Amino acid sequence: MNRMRIPLSWLRDYIDISLPPAQLIERLTLAGLEVASTRVLGLPVPEGVRVKAEERGPVWDRDKIFVAQVLGTEKHPNADKLKLPTVTWGPGTEKQLVTGAPNINVGDKGQKVVLALSGSVLFDGHSEERKLAELKPTKIRGLPSDAMVCSLLELGISDSKEDHTGIIILEDDAPVGTPLADFMGDIVIEVDVLPNMARCLSMIGVAREVAAITGQQLRLPLASRERHLPDNPDPIAGQVSVQIEDSKLSARYAAALIKNITVGPAPGWMQRRLLYAGMRPINNIVDITNFVMLEWGQPLHAFDYDVLVQRAGGKAPTIIVRPAREGEVLVTLDKQERKLSAEHLVIADTKGPIALAGVMGGLETEVTEKTKNILLESASFDFVSIRKTFRHFDLPSEASARFSRGIHPETVKPAAERASDLMRQYAGGSVCQGLVDCYPVPRPAQVVDLDLGQMDRLLGFKIDPVEAIRILRALEYEVELVANASGSSTYKVTVPTHRLDVQEGPADLVEDIVRIYGYDRVPTTLLAEPLPKQQANEPIQFEERVRDVLVDCGLQEVICYALTVPAKETPLVGNRDYVTLKNPVSSERVVMRQSVLASVLEIAESNLHNADDVRLFEIGIAYFSHGSPHAPREDSVTRAVAPTLPCEQRRLAMVMIANRGQEFWNDAGAKDKQPLDFFELKGVIEALADDLHLKNTKYQPANLAHLHPGKSATLIVGDRPVGDFGVLHPKVAQAYGLGERTVLVAELDVDALQAVTPIRFSYTPVARFPAALRDIAVVVDEAIPADQIEAEIRKAGGDLLSGVRLFDLYRGNQIPPGTKSLAYALSYQAPDRTLADKEIDKAHKKIEDRLKNVLKATIRGKE
Amino acid sequence: MSDLAALEQRASAELAACADEAALRAWNTRYFGNNGEMLAALKAIGGIPKEERKTYGQEANRIKEALTNAYEQKLAEVKERALSASLTSNPLDVTLPGRPVPRGRLHVATQVMRQITAVFADMGFQVYRSREVESDEMNFELLNMPPHHPARDMWDTFHTTIPGVILRTHTSPGQIHVMREQCPNPIRVILPGMCYRYEAITTRSEIQFQQVEGLVIGERVTMADLKGTITAFARRLFGQERHIRFRSSYFPFTEPSIEVDIDWPKDDPNADRLTKGTGWLEIMGAGMVHPVVLRNGGYDPAKFTGFAFGMGPQRITMLKHAIDDIRQFWGNDLRFLRQF
């Protein structure tokens, strides 16, 4: 993206504009040149035009601010630095005022200046912020002053304090007495130029767009045939030669020779245009090259011809466009020594490089105040080469911005001729006849076959061919009808020689037609295309299901950065190979994460600074280098192993740090301040397993370095481990800045979880007959896990046993040491009848017997 | 007779004087208890001369019934009064805060993504997802951006240390993936997902953000359809009255390329600031699929056409809720997340 500032007064050189500014801005914006901002210099803001608050400036009052002339300047009697110019702003007007401007001196007379009479509202040049102030009569060091001569800053033309060191000195032919608003008031629009509109990084480019939009005729400056300069019999031929080593790197290089120039200031109008367009005036030669660059979009470079001759040993210099030789060195204009390589395109002579092509000139051949003769370069370079070079040296500039987006070689010649002519007019130069124009392989005219029927098919409505052709011609395409078969017209369209963006052909022309025709005229229809075969995205649906369960369990979803640093993961995963950025923006975001849990722990920690109840989860991706031993077998998303790309795996991570129960004003004090423990987290895991209808879930003690060795488990479904959860190892909790807190964590493999989730399940009929409850308390050896006891109960209970609920776990001196007592509430139920006591007794007895036999259990109360 | 009349008079007067349930119960015992006066009066019938017995009995029964009814009525009244007094005696301060319910929530980004997905699902769009660490070829080259193409400047890219492997800068590589999978079938999908850009992290720019891209390919998919589809979407998400505007733009993978603006609701107090006074606000980029991209996906541009669009859900969320700091999304501060 690049921006171009366009003073409308300048644009009017090439096109008549009858649209009000607000409409022009809208039409340009809709046609693809988005007007990002507008500045109004000295004029009232036109209706409908929006000016950003920070860019609003003073309105130059037509009755108070004038072009004026200094009649004479006296010394201030009471101050050394102050001067007393007397000015006139028309017949019969005269006023003496006080100024401290360093560019007005005692004795000066004749200068054209900007005079503001009292009552004018201008920026206060002495204020730090941009502040409008009314000029009031005052006394300066004892002398009355009720007017002033103005600086660029005071008038709102420049924001730079530098531009307040002196007042504006206008050109000698500035018309005294003219209101300043009429003389130099302007509207400057700033457009965003997208890559395909790079041709609009020029006034003429923008004028062409306006011409197409409004139907007005474009006026190009000085058609080249008017520019033969018969007064100078001195032909360029023999005074310089040009060689292009590789026409792929430089399609065209034209040199012009302008002799006997005088370096000095450019004319006021030109300086003003450059200033309004955002460039600082330097001297006539530099300003002319910049002016032509802004006008045509073609950057130019001026060499001191005499230095070139000197380097060539007094002979006619040869300009060579070539890649730099490895190890060559060039000192550029900014006095930096640049080490060159074959990547960089240079302009050289027989002695060596004299400029970095399209990027920056060399110091030695630079134009100075003493320069008499100029070799002017207008050339076309490969944009890729220019991009590489200016990026390598970090030298972005107005020129490299244009070259690196591509400029048509046909622009080379008119720009060279225009600049030569301006140097003749404004630098007193005499232009040698002709150009040395090296254009080894002229770019062929581009011809596109356009079928308007295809266009209508793409757009979904019909644009009148007459209108379509008018638009193309307004954009300077040449259009010729070649066929009119079966109602569909085909045209042979020749692309104008300033366009490089027409690559595909018809599609580019369709875009040009419809954007000028107006997208507002495109109708609104619904898709008539039949619906493609519908197919659910199961991985996404599954994730959303899991999200909903976890939200129901009271967890807050988070989405974390995928970029992290290895140090933030090592407490969890140890040292690993990572997918690593070559160009990180921050030292905190360097590698793609392999642990989603680490991200969530980081977020938990940061939230604990202002919350004491943190229950979080994330379903996100972990990224593994290709071939890493930790990488899963296949990619989550593509379900394939990409040959070189990292493996992406979906993970679910949970972190819970909180106390049981919620704080409430009606609860008596320190009621239950216990932190959430392993079983709260297991409750969430079980809820998830339950809602997903997982079958054959098992929990085994986990043996993982980052988890508490006695308070962690692995969830196994069938025989597939799905993930681990439990209390975070205290040392790891410390490493994450979580101190002494009980930190519950889980990390599950979402793909594994999805794989073990049944696609369908059958419902269990709701019982119609009442259940009978019987309790049983079982004393068993401490080593026997609960799930084994329950399994035995279920085996023995058979179909009649409908529910097993553990309601108490006891260890203590009422039972033998090394044992524990588990009390269960068992429900007995049949689908077709109310159970008789005898049936229940029998079933219950069977359970007791099995527990005694298989687990060597004692049934409490029946010892 | 006069004894009965006197009894009725006394009992009625005493009943009327009873103020609460206890007094009533005592009254009841006094007259209707085992030794109660009313029972005594009824039993006294035996001592009444035979000729007067019938009249006495009738009168005694009438009085008994009348007193019983009066008692029941009075008891109900007193109970009602007592209940109503007890209900109003200790009113709660209903302005005290309620007991907090432990709640979980979806991240606001997920909520918005679900909304967007649902709207497009109604129009027959399916969801397609592709990888985040991508090849340069998928992210750029096959989308009509050869190496060093100036358009690449529009995406500041994170490169990995593996040559040719980058973090995707947009979900558009998914276009190539889905086309190559589906060719030559018609396509109507949205492609949501996380994207990455080499940018400074500030209130306005992030290194990571979500995108939702849409892709439709078929034998008669038109730009007018694109306008219709986006209009339908904008109305579902931003309100029935919304209008959209197409503005010419540039993306290497579409041609023509456009930006889509919607007329932001004027009743939003932020409307003027958001739209910079124009009334229009950019919500997505779009266009007709570039012929080069169609070909790279396996479709013949002479036969197939398509449109694509892409939007940033974070941007849309920020607009809707006047969020002024994009870092809130992945900062995951609970004080932010709990507002949605």
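The values are calculated or read from the model by the stated rules, or taken from the named source; none is laboratory data. In this text, all values refer to a predicted model and were calculated from it rather than measured experimentally. Every residue, glycine as well, gets a Cβ built from its backbone with ideal geometry; the counts of neighbours run over all protein chains shown. For the accessible areas, the whole protein counts, side chains as well, though only heavy atoms, and no ligand, DNA or RNA atoms are used. Shrake-Rupley method; radii C 1.70, N 1.55, O 1.52, S 1.80 Å.
The figures follow:
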{"quantity": "Single residue of B:Met284, B:Met223 found to be within 11 Å of chain A (Cβ to nearest Cβ) and under 27 Å from A:Pro530 (Cβ atoms)", "calculated": "B:Met223"}
{"quantity": "Wholly within the range A:506-588, helices (runs of 4 or more DSSP H) carrying at least 3 residues that are at the interface with chain B (Cβ under 9 Å from one of its Cβ atoms) and touching a residue at least 40 places away in the same chain (Cβ under 8 Å)", "calculated": "A:506-517, A:538-552"}
{"quantity": "The range B:125-139, subset under 39 Å from the mean Cα position of the chain (by Cα) and outside any strand (DSSP E or B), residue farthest from A:Phe383 (Cα to Cα)", "calculated": "B:Phe125"}
{"quantity": "Within the range B:234-272, tally of residues that are basic (Lys, Arg) and within 13 Å of chain A (Cβ to nearest Cβ)", "calculated": "4"}
{"quantity": "The range A:436-476, residues that are within 13 Å of another protein chain (Cβ to nearest Cβ) and part of a helix (DSSP H, G or I)", "calculated": "A:Gly453, A:Gln454, A:Met455, A:Asp456, A:Arg457, A:Leu458, A:Leu459, A:Ile471"}
{"quantity": "Top-ranked residue of the range B:68-91 - restricted to ones that are of a type in the set (Ser, Thr, Tyr) and farther than 30 Å from B:Glu37 by Cβ, ranked as most open to solvent (accessible area, probe 1.4 Å)", "calculated": "B:Thr88"}
{"quantity": "Test: residue in the range B:112-124 that is open to solvent by 70 Å² or more (accessible area, probe 1.4 Å) and assigned to a helix (DSSP H, G or I)", "calculated": "yes"}
{"quantity": "Total residues in the range B:199-220, condition modelled with pLDDT of 90 or more, more than 9 Å from chain A (Cβ to nearest Cβ) and open to solvent by 20 Å² or more (accessible area, probe 1.4 Å)", "calculated": "2"}
{"quantity": "Out of A:Arg768, A:Arg794, sole residue that is of a type in the set (Lys, Arg) and free of Cβ contacts under 8 Å to residues at least 12 places away in the same chain", "calculated": "A:Arg794"}
{"quantity": "The listed residue being modelled with pLDDT of 95 or more, β-branched (Val, Ile, Thr), crowded, with 20+ Cβ neighbours inside 10 Å and more than 22 Å from A:Ser247 (Cβ to Cβ), out of A:Val307, A:Val346, A:Val331, A:Val321", "calculated": "A:Val307"}
{"quantity": "Qualifying position, being in the same structural domain as B:Arg114 (by TED's automatic domain parsing), more than 21 Å from B:Gln210 (Cβ to Cβ) and either in contact (Cβ under 8 Å) with a residue 60 or more places away in the chain or surrounded by 22 or more Cβ atoms within 10 Å (Cβ to Cβ) (or both), among B:Pro252, B:Pro265, B:Pro301", "calculated": "B:Pro252"}
{"quantity": "Qualifying residue in the range B:326-339 (condition: in the same structural domain as B:Leu215 (by TED's automatic domain parsing) and under 26 Å from A:Glu34 (Cα atoms))", "calculated": "yes"}
{"quantity": "First in the range B:26-51 and assigned by TED's automatic domain parsing to the domain that holds B:Glu72, second anywhere and in a loop (DSSP other than H, G, I, E, B) and open to solvent by 50 Å² or more (accessible area, probe 1.4 Å), Cβ under 9 Å, 6 or more apart", "calculated": "B:Thr29/B:Asn35"}
{"quantity": "Selection from the range B:146-177 of residues that are more than 10 Å from every other protein chain (Cβ to nearest Cβ), more than 35 Å from the chain's Cα centre (by Cα) and in a loop (DSSP other than H, G, I, E, B)", "calculated": "B:Trp155"}
{"quantity": "Test: A:Gly406 is on the phi > 0 side of the Ramachandran plot and open to solvent by less than 40 Å² (accessible area, probe 1.4 Å)", "calculated": "yes"}
{"quantity": "Tally, over the range A:701-722, of residues that are modelled with pLDDT of 95 or more and on the phi > 0 side of the Ramachandran plot", "calculated": "0"}
{"quantity": "Flag if A:Phe393 is of a type in the set (A, V, I, L, M, F, W, C), touching a Phe, Trp or Tyr at 6+ places or on another chain (Cβ under 6 Å) and in the same structural domain as A:Ser430 (by TED's automatic domain parsing)", "calculated": "no"}
{"quantity": "Condition met for A:Glu529 (surrounded by fewer than 21 Cβ atoms within 10 Å (Cβ to Cβ) and within 30 Å of B:Pro102 (Cβ to Cβ))", "calculated": "no"}
{"quantity": "Counted residues, the range B:315-327 - those being surrounded by fewer than 21 Cβ atoms within 10 Å (Cβ to Cβ) and assigned to a helix (DSSP H, G or I)", "calculated": "6"}
{"quantity": "Matching strands (runs of 3 or more DSSP E) fully within the range A:322-385 where at least 3 residues are without any contact (Cβ under 8 Å) to a residue 60 or more places away in the chain", "calculated": "A:329-331, A:337-339, A:345-349, A:352-356"}
